[in-house]
Amino acid sequence: DCGDSLSQVENMFIEYHGNFEDSKKLTQLLALFTEVGFQYYLTEAGRIHTSPFQHRDRGLYQFDQQLNIFCFRN
């Protein structure tokens, strides 16, 4: 929704929460950031899966992915 306004933003922080089946949404979000001229740095906001290839039990968490996304321009 805010894609047209992002050209006015220099730095941006997003905390992303999603599920594995929603990976397309994350891909679209990162593509939008690139399209409007951002570079980005990703970190894990919460360690949910200690062995994601073997165990995908969310435990107490509602989401599979919790990421910190730092967007910036050079």
Probe 1.4 Å, protein heavy atoms only - accessible area per residue of the chain in square angstrom: 75 Å²
Positive-pole candidate from G37, L67, Q8, dipole of the chain, charges at beta carbon: L67
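Just from its helices, what would the mean residue ellipticity at 222 nm be for the chain, if runs of 4 or more DSSP H residues each count -39500 (n - 2.57) and the sum is divided by every residue, rounded to the nearest 500 deg cm²/dmol?
On the way: 1 runs with 13 residues, N = 74.
-5500 deg cm²/dmol, from helical runs alone.
When the accessible area of the chain is split by element with a 1.4 Å probe, what percent falls to carbon and sulfur?
Ligands and nucleic acids excluded, carbon and sulfur reach 50 percent.
Can you bin the chain into rounded, prolate or oblate? Criterion: square roots of the alpha carbon gyration tensor eigenvalues sorted a ≥ b ≥ c, rounded for a/c under 1.5, prolate for a/b above b/c, oblate for the rest. Before the final figure, lay out the partial values.
On the way: a/c = 2.76, a/b = 2.26, b/c = 1.22.
Here the chain falls in the prolate category.
The values are calculated or read from the model by the stated rules, or taken from the named source; none is laboratory data. Computed from a predicted model, the values in this text were never measured in an experiment. Reconstructed Cβ throughout: ideal geometry from the backbone, glycine too, with neighbour counts over all protein chains shown. For accessibility, only protein heavy atoms count, side chains too; no ligands or nucleic acids. Shrake-Rupley method; radii C 1.70, N 1.55, O 1.52, S 1.80 Å.
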